[in-house]
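The values are calculated or read from the model by the stated rules, or taken from the named source; none is laboratory data. Since the model is a prediction, treat every value here as computed from it, not as a measurement. FYI the Cβ positions are ideal-geometry reconstructions off the backbone, even for glycines, and counts take in every protein chain you see. Note: accessible area is taken over every heavy atom of the protein model, side chains too, but ligands, DNA and RNA are not part of it. Shrake-Rupley method; radii C 1.70, N 1.55, O 1.52, S 1.80 Å.
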Amino acid sequence: MKVISRLITVLTFFILTGVAHAALITSVDRADFQTAVVGGTIDDQNFDSLAVGLLLGTLDGVTYSASGGTPIITNTFLTSTSPNGLGSTSVGFFESLESATFSFDNAITAFAIDINTFANTDGAYQGVLNIGDTVTSIFEVFPSTATGQFLGFVSDSAFTSITISATTGFGYTLDTLVYGDATSVVSAVPEPSTLAIFVLGLMGLASCRFKKQS
């Protein structure tokens, strides 16, 4: 009986802790992202009011960094909102093997960014969250253009940083950063009744075992 009781305790622990760390990530397009964050606490940065050539470190609670250089404001490349976007001092844009990281002073559950690139397939870029989850971009062109990617999602688990990188051989620039908290995100945690049924089932097995031994 003691062995079974311990097994129940261990299984319950792993179920609860495993579920607690599982984030439900919902990737969306631009329109659905706007719908998902209506009523939430959302901030944005389109870089248009910043001086061209400005090296970005920390601004409005967001820290910008790059693996191959320093993020820089540029008006050289295509943007989703004119005139400015975000590039890197490495070659003026983020190279195909270069990653860009956004770190937030406050944990968030919603993130979106436009990616200027010639890549025309879904999943050309990925974002890795500090909590271990990975999201991918979709091929969704900028307004009145034929190129562009969009990486947008909401999460039921808060995170404080995301690192974007290419999964193909295309360099890129970034524009129209949107971040904050979505109001309603479907929870990845199973309903308490589901866990209760599972645990009660284990307890029932333990009870039967105990009666047979008696």
Exercise. Looking at Gly127, is it in contact (Cβ under 8 Å) with a residue 12 or more places away in the chain, buried (at least 23 other Cβ atoms within 10 Å of the Cβ) and out of contact with any Asp or Glu (no Cβ under 8 Å at 6 or more places or on another chain)?
Worked result: yes
Exercise. Does Ile115 fit the bill of being crowded, with 18+ Cβ neighbours inside 10 Å and either acidic (Asp, Glu) or modelled with pLDDT of 95 or more (or both)?
Worked result: yes
Exercise. Identify, please: which residue in segment 135-179 is over 17 Å from Ser96 (Cα atoms) and in a loop (DSSP other than H, G, I, E, B) and is, among those, least open to solvent (accessible area, probe 1.4 Å)?
Worked result: Phe142
For this session: List the number of the failed condition for Ala66; all other conditions in (1) hydrophobic (A, V, I, L, M, F, W, C); (2) within 16 Å of Leu177 (Cβ to Cβ); (3) in contact (Cβ under 8 Å) with a residue 40 or more places away in the chain; (4) surrounded by 21 or more Cβ atoms within 10 Å (Cβ to Cβ) hold.
Result: (3)
Exercise. Looking at Asn130, is it farther than 17 Å from Leu56 by Cβ and among the polar types (S, T, N, Q)?
Worked result: yes
